[in-house]
Amino acid sequence: MIVFDVSTLILLAKIDILKTIIYTREVFITKEVEGEATCKPELLDAKIIIELINTGKIGVVKVKNQALFKKLQEDFVLAEGEASALLLAQQKQAILATDDGQAIKACKVLGVKFVTAVHFLLDAFYKKRIGKELALVKLERLEQLGRYNDRIIFDARSKIEEGRGEK
């Protein structure tokens, strides 16, 4: 089970691999994430996300324990979507899909496993769901859209170009 926050959900929709990922995993988002990700329904990424929600490929869950939700927000300076996704991942002992720096720090402190959009891209490449050239194009797009450390992009590019890494 994977819980997505807004940043990773939108990034994967923008580089057009969200559908590929969704069909191989059980995916959930919170009501807060849904609201943030679909607030501009005219955008292509929002249309993709709405379609996946409407077809039941992405489950939407309301977070319980508002006090703990607010505490996470305050303690880690998180937006509603990130705090709610982190809380749901923690409660369900699930992996959190996040590209948000503060959420990643919170995961490390709280012992919540996390993955980023780059991890999903590499996984799709390793499992031969996308080819080398397309993976490199999508990585370039992630580099433009996300706030990645240069080393992360360099390492991912090297793995794709050499066809190596964890399978």
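Laboratory data are not the source of any read-out in this text; all were calculated from the coordinates shown. Model, not experiment: these values are computed from the prediction. Because the Cβ atoms are built from the backbone with ideal geometry, glycine has one as well, and the counts that use them run over all protein chains shown.
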Helix-only mean residue ellipticity at 222 nm for the chain, each DSSP H run of n ≥ 4 adding -39500 (n - 2.57), per residue, nearest 500: -18500 deg cm²/dmol
With a/c under 1.5 counting as rounded, go ahead and sort segment 118-167 into rounded, prolate or oblate using the C-alpha gyration tensor (a ≥ b ≥ c being the square roots of the eigenvalues; past the cut-off, prolate if a/b is larger than b/c, else oblate). prolate
Please say if segment 1-87 is rounded, prolate or oblate, where rounded means a/c under 1.5 for a ≥ b ≥ c the square roots of the C-alpha gyration tensor eigenvalues, and otherwise the choice is prolate for a/b larger than b/c and oblate otherwise? prolate
Val61 long-range amide H proximity, modeled H, under 5 Å: Ile29, Thr30, Lys31
Stretched fully, the stretch from Lys19 through Ile50 gains (0.36 nm per residue minus C-alpha distance, one decimal, in nm) 10.0 nm
Nonlocal amide H pairs with Val115, under 5 Å, H built at 1.01 Å: Leu96, Ala97, Thr98
Tell me, Leu139, Leu145 in order of fewest to most beta-carbon neighbours within 10 Å? Leu145, Leu139
Just grab the label-to-label distance for Arg147 and Asn65, each label 7 Å out from Cα along the Cβ direction, in nm (one decimal). 2.7 nm
Under a GNM of the chain (C-alpha, springs under 10 Å), which listed residue has the highest mean-square fluctuation: Ile53, Ile22, Ile152? Ile152
